[in-house]
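The values are calculated or read from the model by the stated rules, or taken from the named source; none is laboratory data. As the structure is a prediction and not an experimental result, all values here were calculated from the model. When we count neighbours, we look across all protein chains shown, and the Cβ atoms used for this are built from the backbone with ideal geometry, even at glycine. To get the accessible areas, we keep the full protein, side chains included, count just its heavy atoms, and leave off ligands, DNA and RNA. Shrake-Rupley method; radii C 1.70, N 1.55, O 1.52, S 1.80 Å.
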Amino acid sequence: MKLGSLKEGGRDGTLIVVSRDLSRGVRATDIAPTLQRALEDWSNTAPRLVALYDALNDGQAEGAFDIDMPSLAAPLPRAYEFVDGSAYLPHVERVRKARGAEVPESFYTDPLMYQATSAGFHGPRDAVTVPSEDYGIDLEAEIVVITDDVPMAPSAEQAAAHIQLVGLVNDVSLRNLIPAELAKGFGFLQSKPRSALSPVFVTPDELGEAWRDSKVHLPLLTHVNGQWFGAPEAGVDMQFNFAQLVAHAAKTRPLSAGTIVGSGTIANEDTSKGASCFAEQRTVETLRDGKPSTPFMSFGDTVRIEMLDANGNSIFGAIEQRIEPQPGR
């Protein structure tokens, strides 16, 4: 099934079920007022939401309405936790090589992960507002999974059973602020503003054969200013699958229902597939030409991130955003 949230009902939105073709929706407030509440009681709410989803797809759901993408909030307008990995080995190897650093041996056996911003997410059509272009505005096209309650210290096999939904994220980064922050040895803060989520999250069964081994085996397509930017294969070169990422995050603490776990920037060894972020593109250029030639994003630039199924149908809907200056500056 496919789930989203309307920009109504307060900070956490109003839970809706969305049709498979993303054209119709129906409020699910008789089952749960918000997606967060649904995830907190998933064993009871999921079967009822599936029944409503089936009725919607069959044209039998009362109160159904046409989907207006700008009216959608992020499916989880805010989350208790967003932990983001860096699971794609080519991305890590290239970025470190460009700055003359080695990949730590531990990376091959232990995922990289940080605690990301979760107090608010942009909706799929909301602008990304930034105080200054000098900050080095970048997109990061990623896949996320969303869990129910995860107990502490699960195995990867146990963690897999707690992955209930899958979606997309534009994990916005301010690249020119990152070096000084990392030099302090205490991680990201100002360099990681709010991110944007796809119009809907879907249950793994909606992906069919593309969901296997706790990975999504489809390309993730990104356009910038209407031009193709990249479509790397999400199921290729992923060093750690989502079950392993969830298990890593829960090693010393339980995860609350509604935790979002990110894949990190999707990248392939085959650079002909393009990139999922400007830092990756600039790194490829530096390794090839000795310096980058592609600038970071500017105000007025647009981003589109989407994943299509084998028949060319949008699975999650598209994240479509414009980069804009912070109002009042």
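For the modelled label position 7 Å from the Cα of residue 20 along Cα-to-Cβ, which residues of the range 300-329 have backbone nitrogen atoms closer than 17 Å? Under cut-off, by backbone N: 308-317. For the range 58-64, backbone phi angles converted through the Karplus equation (6.51, -1.76, 1.60; θ = phi - 60°) give residue-by-residue couplings of 8, x, 10, 7, 6, x, 5 Hz, Gly and Pro being listed as x. The order of 114, 88 by accessible area, most exposed first and with a 1.4 Å probe, is 114, 88. A 27 angstrom limit on the alpha carbon distance is what I want to check against. Which of 97/192; 192/291; 7/215; 192/215 exceed it? Violating the 27 Å Cα-Cα cut-off are 7/215. Looking at the P(r) of the range 191-329, how many percent of alpha-carbon pairs lie beyond 24 Å? Of all Cα-Cα pairs in the range 191-329, 40 percent lie more than 24 Å apart.
Could you report the range 270-329's accessible area per residue, 1.4 Å probe, as an integer in Å²?
Computed with neighbouring chains in place, this is 50 Å² per residue.
In sequence order, the range 133-141 has phi-based couplings of 5, 5, 6, x, 6, 9, 9, 9, 7 Hz under the Karplus curve 6.51 cos²θ - 1.76 cosθ + 1.60, θ = phi - 60°, and Gly or Pro positions carry x. Under a 5 Å amide H cut-off, with hydrogens placed 1.01 Å from N, residue 112 pairs with 86 among residues at least 5 apart or on other chains. May I ask you to list the chymotrypsin sites (Phe, Trp or Tyr not before Pro) in the range 152-225 that are in a DSSP loop and have at most 14 other Cβ atoms within 10 Å of their Cβ? Hits after loop and neighbour filter: 186.
Residues whose amide H comes within less than 5 Å of that of residue 126, counting only those at least five positions distant or on another chain, are absent (H built at 1.01 Å from N in the peptide plane). Rolling a 1.4 Å probe over the protein heavy atoms of the chain, with every protein chain left in place, gives an accessible area that is 47 percent carbon and sulfur. Measuring nothing but how far apart in sequence close Cα pairs (under 8 Å, 6+ apart) lie, relative to its length, the range 40-164 scores a relative contact order of 27 percent.
Summed over qualifying helices (DSSP H, 4 residues or more, each -39500 (n - 2.57)) and divided by its residue number, the chain shows a 222 nm mean residue ellipticity of -5500 deg cm²/dmol.
Taking only Cα atoms and a 10 Å spring cutoff, compute GNM fluctuations for the chain and point out the largest among 258, 120, 85. It is 120. For residue 23, the solvent-accessible surface computed with a 1.4 Å probe is close to 50 Å², ligands and nucleic acids excluded. The accessible area of residue 288, taken with all protein chains in place and a 1.4 Å probe, comes to roughly 150 Å².
In degrees from 0 to 90, rounded to the nearest 10, what is the angle of the helix 278-289 Cα long axis to the longest principal axis of the chain? Computed tilt is about 30 degrees. A Cα-only calculation for the chain places Rg and Dmax at 19.1, 61 Å. Taking the Cα of residue 190, stepping 7 Å toward and past its beta carbon, and measuring to each backbone N in the range 117-152: which are under 18 Å? Under 18 Å, as judged by backbone N against the label point of residue 190, lie 117, 129-138 of the range 117-152.
Volume per residue of the convex hull around the Cα atoms, evaluated for the range 123-226, comes out as 149 Å³.
Would you mind calculating the gained length between residue 288 and residue 228 on full extension (0.36 nm times residue separation, minus the Cα-Cα distance), in nm to one decimal?
Working it through step by step, the gained length comes to 19.5 nm.
To the nearest ten degrees, helix 89-98 and the longest principal axis of the Cα atoms of the chain are 30 degrees apart. Less than 5 angstrom separates the built amide H of residue 266 from those of 141, all sequence-distant by 5 or more or on a different chain.
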